[in-house]
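In what follows, a structure is listed as structure tokens, so that the remarks can point back to it.
The values are calculated or read from the model by the stated rules, or taken from the named source; none is laboratory data. Since the structure is predicted, the reported quantities are computational estimates derived from the model, not experimental observations. Glycine gets a Cβ as well: all are built from the backbone with ideal geometry, and neighbour counts include every protein chain shown. The protein model used for the area step is the full one, side chains on, heavy atoms only, and it has no ligands, DNA or RNA in it. Shrake-Rupley method; radii C 1.70, N 1.55, O 1.52, S 1.80 Å.
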Amino acid sequence: MKLWKPTNTIETILCILAVIVIPVTSLILGLQESVLYENLTYIGNQPQYRLLFQIWGVLVSVDYLVSFYYLTRKTGVYGKRLIPLACVLTIMSISSFFIPYNTEIYPMLSNLHVYASLLSSVFTIFLIIYYVYLFQFIQPVYFEKCFRFMISFIIIAVTLLFVLGDISGILELVMSIFLSLFLYYMIRAYDVHKTLT
């Protein structure tokens, strides 16, 4: 339990977001339809869920950016251009939640929505994988712990993608909840790792 216990105000906010707010809002949004057959874009572009979808999207995107920024400052491992790249991905991600998706009425905007959300998601995952990789020679034990979690997530995500044959709501839920929890885990595990070594 010590691992998850925040040590300051910023960590408390990130903990509340990762452990409560993002999982709860993700599930509320995702469970409006069958997450096996519909993705969150479809759900979120229904008029009654549009505002919730946008609030959720902003929360998730900003949480990733703030968590990542805080993590780089806490560990002192920056990597060139990582924060500017994270900012660009966050802007792209937030934008995708406000671009309407309706292939019949807005075919071009719908394509833009798909590309913006897909690219921001994929590159965010690669950014985090790369960041974990930076610890391989600096702090091997910390790297191994984080890497194991990341590999588990990738295996689950790829399995869901192949089994369901598409980017489903359940895959999006797993990703949004996992990445928020994982970034918070990285923040707290760094403290615990330093204490133990």
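Of the numbered criteria (1) without any contact (Cβ under 8 Å) to a residue 60 or more places away in the chain; (2) closer than 18 Å to D63 by Cα; (3) not hydroxyl-bearing (S, T, Y), the one I128 fails is (1).
Being farther than 27 Å from I10 by Cβ and buried (at least 17 other Cβ atoms within 10 Å of the Cβ) is the requirement here; does S180 meet it? If you could, list the steps in order and put the result at the bottom.
Working: farther than 27 Å from I10 by Cβ: no; buried (at least 17 other Cβ atoms within 10 Å of the Cβ): yes.
Spelling it out, it is not the case that S180 is farther than 27 Å from I10 by Cβ and buried (at least 17 other Cβ atoms within 10 Å of the Cβ).
A search for C-beta distances below 7 Å between a residue of the range 174-188 that is free of Cβ contacts under 8 Å to residues at least 12 places away in the same chain and under 12 Å from F153 (Cβ atoms) and any residue that is of a type in the set (D, E, K, R) and open to solvent by 10 Å² or more (accessible area, probe 1.4 Å), counting only pairs 6+ apart in sequence or on different chains, returns nothing.
Among the residues of the range 84-96, write down those that are crowded, with 18+ Cβ neighbours inside 10 Å and either under 19 Å from M186 (Cα atoms) or within 14 Å of the chain's Cα centre (by Cα) (or both). Quick ask: steps written out before the conclusion?
First pass over the range 84-96, keeping only residues crowded, with 18+ Cβ neighbours inside 10 Å: 86, 89-90, 92-94, 96.
Answer for the range 84-96, where residues must be crowded, with 18+ Cβ neighbours inside 10 Å and either under 19 Å from M186 (Cα atoms) or within 14 Å of the chain's Cα centre (by Cα) (or both): A86, L89, T90, M92, S93, I94.
When restricted to residues that are open to solvent by less than 60 Å² (accessible area, probe 1.4 Å) and either hydroxyl-bearing (S, T, Y) or touching a Gly at 6+ places or on another chain (Cβ under 9 Å) (or both), the range 97-126 contains 6. Selection of the range 66-83 for residues being open to solvent by 80 Å² or more (accessible area, probe 1.4 Å) and in a helix (DSSP H, G or I) yields Y69, R73.
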